[in-house]
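Nothing in this text is a laboratory measurement; each read-out follows from the coordinates by a stated rule. Predicted model only: the values in this text are computed from it and were never measured. Cβ placement follows ideal geometry from the backbone for every residue including glycine, while neighbour counts extend to all protein chains displayed.
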Amino acid sequence: MAKQISISITDEMHALIQDLKEEIGATKNKKKISKICQEAIHVLLIEAKAMRAYRLEGIKDGKMKASSFSDTDKQYISRVLSKTGPYKKWARFDKIEELKTHFENKFVGNMNSLYPRFIDIMNGSIPPFHEWVSSCGEEEAEDRRGEVAWSYIAGFYEGLLKNNLKI
């Protein structure tokens, strides 16, 4: 059985759909627009699964490296990732970027000591953790490796905290 969800689109997008409905094959039959939305969501879900696979690998590496970070470092990570305090209204992306900037400045020139598999992920020297990364041409795979590497780093910081329950 299919589930229904509703989406909202801008007035401009609706007007364009109406104007171009013959070109895109959409008539009064909403199934055609529905099918377009289903395909777009399907593509998004595949990408999200890939991001999660890399985030989970980052969590594993973060747990493994947790003992090499000081309690002060872990407290800082906890404070930034917390849902309370000065960073609570920050987007997840901004929180991870804050941590990246802080620790990459601290570990300057030694990315492998900070993120164990980051360089291997970026240059494709290890098999991908999800087939989405390599299911295209090499140029696009390079872009995708950059996207999933960010998820790996986000997971890395989560893993540092998950290994240290005293924070």
Original post:
Under a plain spin-label model, where a point goes 7 Å from the Cα along Cα-to-Cβ, how far apart in nm are ILE7 and ILE41?
Top reply: 0.9
Subject >> In degrees, nearest ten, helix 71-81 long axis to first principal axis of the chain (Cα) >> reply: 20
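Compute the Cα gyration tensor for region 11-162, then decide on rounded, prolate or oblate, letting a ≥ b ≥ c be the square roots of its eigenvalues: rounded whenever a/c is under 1.5, prolate when a/b is larger than b/c in the other cases, and oblate in all that remain.
prolate
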Subject >> Between 0 and 90°, nearest 10: helix 11-24 axis offset from the chain longest Cα axis >> reply: 60
Subject >> Peptide ranges 3-12, 115-124, 129-138, 153-162 listed from the most packed, as the mean C-beta count within 10 angstrom indicates >> reply: 153-162, 115-124, 129-138, 3-12
**OP:** Please tell me the relative contact order of the chain in percent, rounded to the nearest whole number, where contacts are Cα pairs under 8 Å and at least six residues apart.
**Re:** 37
